[in-house]
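For reference, the structure discussed in these notes is given below.
The values are calculated or read from the model by the stated rules, or taken from the named source; none is laboratory data. Worth saying up front: this structure is predicted, and the values here are computed from it rather than measured. Using ideal geometry, Cβ is built from the backbone for each residue, glycine included, and neighbour counts are taken over all protein chains shown.
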């Protein structure tokens, strides 16, 4: 996979340059970025922020998961940038729960044209926090719940 230059002109992290050399070794990406920062931030948000109706880091947690899914999708597939989250959810997240495989396209759209840009989820998607048994279920109004 060839890295493209970002806004700063530097190649994307963990992908390979035109000469085939990784910009950062994959083991470092997995250890530092994924396990250290991504999972560490999610753990901190989950354990250090009190669950409440509003302001409980629900959206930042979903954004972190989607961003991490994009990174891992870039590392594990040849999918176009717009399809990396969907590819990761269909291939890997679906092993955790088959419902993720069906929600990959929604997750990708949520990242591209929703939470990251407007801090709002799409119609049909409800982001909440505090009752994990609701995760990936439908609300009374038929919205997919991400908890």
Exercise. Of the numbered conditions (1) surrounded by 16 or more Cβ atoms within 10 Å (Cβ to Cβ); (2) free of Cβ contacts under 8 Å to residues at least 60 places away in the same chain; (3) over 23 Å from residue 23 (Cβ atoms); (4) touching a helix residue (DSSP H, G or I) at 6+ places or on another chain (Cβ under 8 Å), residue 112 satisfies every one except a single condition; which is it?
Worked result: (1)
For this session: Mind listing whichever residues of the stretch 127-142 are loosely packed, with under 11 Cβ neighbours inside 10 Å and more than 19 Å from residue 56 (Cα to Cα)?
Result: 140, 141, 142
Problem set entry | Criterion: under 13 Å from the mean Cα position of the chain (by Cα) and either at pLDDT 90 or above or under 28 Å from residue 80 (Cα atoms) (or both) - qualifying residue of 119, 92, 102 | 92
Problem set entry | Count - residues of the stretch 80-103 that are surrounded by 16 or more Cβ atoms within 10 Å (Cβ to Cβ) and over 13 Å from residue 66 (Cα atoms) | 5
Problem set entry | Near pairs, Cβ below 7 angstrom, 6+ apart or cross-chain, from the stretch 122-143 (at negative phi and touching a residue at least 24 places away in the same chain (Cβ under 8 Å)) to any residue that is surrounded by fewer than 16 Cβ atoms within 10 Å (Cβ to Cβ) and in a loop (DSSP other than H, G, I, E, B) | 129/51
Problem set entry | Segments classed as helices (runs of 4 or more DSSP H), wholly inside the stretch 72-122, with at least 1 members that are in contact with a strand residue (DSSP E or B) (Cβ under 9 Å, 6 or more places away or on another chain) | 98-113, 115-118
Exercise. Which of the residues belonging to the stretch 1-51 are exposed (fewer than 11 other Cβ atoms within 10 Å of the Cβ) and modelled with pLDDT of 65 or more?
Worked result: 18, 19, 20, 21, 27, 43, 47, 48, 50
